[in-house]
Amino acid sequence: MAKAPRLGAVKTRLTPSLSPKAVTDFYCCLLDDTLALARSLSDVEVAIMCPGTDVNELAELAGSKASVVAQKGEGLAAGLTSVFAHFAEGHRTNALQRRIIAFNSDSPHLPRSVLEDAFETLAAHDLVVGPTHDGGYYLVGAKASHPMLFAGDGMGTSSALERLLSRTQALQLSVGFADPFYDIDVADDLTRLAKELRMAPARAPRTAAWLKEWGSTAH
């Protein structure tokens, strides 16, 4: 799930701490390293789901690293609905049911094992969810399209996970969970991520380099 890295359009909650240009540059690093993480998985097709207006820009940035698909409708809920409608509905006749994982473009700090385990969890459940520490979720996976799963409000709020799980109960879907992690939303998240990547910069090299420079100039 991604947006084109335009000034004022991505990671807006970081702007009190960073200039719009710095936020955009940082987001480009996150996106590049997250794509590398996704591509490091075996036997996985990588795609970017984005608003229709962002397709050309993201296709240029991604190159051959991923296909780029325009979502139907506006907002994150519409984007997530589009992921499963696009990638699950077209494969109903497959002998093996396709497992689809959607996760954020600002996730280079996730261990690859988290994504691998999420695919394994999905083999035994209708849904897999990766909770965040603030009440949301950074990852959701399914084997089929459930159009009402992301309906309603609450996306990006502290009740997002609770609302999602309420809808899974209403739809009688079984749910497995990935390990909890944090999103990169505010300045404290930058500090936490920088500390992690100082210990293991190879996990997300572009992001680690940007954060190292940011740390040297932050006051």
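Can you tell me how segment 58-153 classifies by the Cα gyration tensor, rounded, prolate or oblate, using a/c under 1.5 as the rounded cut? It is rounded, given that a/c, with a ≥ b ≥ c, falls under 1.5. Each residue of segment 36-51 was assigned a 3J(HN,Hα) from its phi angle through the Karplus expression (A = 6.51, B = -1.76, C = 1.60, θ = phi - 60°), giving 4, 4, 4, 6, 6, 6, 8, 6, 10, 8, 9, 9, 10, 9, 8, x Hz with x at Gly and Pro.
Here segment 1-50 is described by how far its Cα atoms reach on the three principal axes: 40, 17, 13 Å, from widest to narrowest. In straight-distance terms, cross-link reach from LYS21 covers every one of the lysines whose alpha-carbon lies under 27 Å from its own, apart from those fewer than eight places away in the same chain; here that gives LYS3, LYS11, LYS65, LYS195, LYS212. About its Cα centre, the dipole of the chain is roughly 160 debye, where the only charges are +1 on Lys and Arg Cβ and -1 on Asp and Glu Cβ. Accessible surface of the chain, 1.4 Å probe: 52 percent of it comes from carbon and sulfur atoms. In terms of overall dimensions, the chain has a Cα radius of gyration and Dmax of 17.0, 57 angstrom.
Counting only DSSP H runs of at least 4 residues, each contributing -39500 (n - 2.57), and dividing by the residue count of the chain, the helix-based mean residue ellipticity at 222 nm comes to -13000 deg cm²/dmol. Ordering of 28-40, 116-128 by packing is 28-40, 116-128, highest average first (other Cβ atoms within 10 Å, averaged per residue).
Each residue of segment 164-180 is assigned a 3J(HN,Hα), and the resulting list reads 4, 5, 5, 6, 5, 5, 5, 8, 6, 9, 7, 10, x, 10, 8, 5, x Hz, derived from the Karplus form 6.51 cos²θ - 1.76 cosθ + 1.60 (θ = phi - 60°), x at Gly and Pro.
Computed from the Cα positions only, the extents of segment 1-100 along the three principal axes stand at 50, 30, 21 Å, in decreasing order. Within the shell of other residues whose beta carbon sits under 12 angstrom from the beta carbon of THR15, the net charge comes to +2, with Lys and Arg scored +1 and Asp and Glu -1. Sorting 72-81, 56-65 by their mean Cβ neighbour count within 10 Å, with the most densely packed peptide first, gives 72-81, 56-65.
Distant-in-sequence amide contacts of ILE48, defined by a placed amide H-H separation under 5 Å and a gap of 5 or more residues or a different chain, comprise SER67, VAL68, VAL69. In the chain, taking the dipole from charged Cβ atoms about the Cα centre, the farthest positive-side position among GLY8, SER64, MET199 is held by SER64. Shape summary: segment 96-219 maps onto an equivalent ellipsoid whose semi-axes, from the alpha-carbon gyration tensor, are 31, 17, 10 Å in decreasing order.
The values are calculated or read from the model by the stated rules, or taken from the named source; none is laboratory data. Computed from a predicted structure; not experimentally measured. As a convention, Cβ positions derive from the backbone with ideal geometry for all residues, glycine included, and neighbour counts pool all protein chains shown. To get the accessible areas, we keep the full protein, side chains included, count just its heavy atoms, and leave off ligands, DNA and RNA. Shrake-Rupley method; radii C 1.70, N 1.55, O 1.52, S 1.80 Å.
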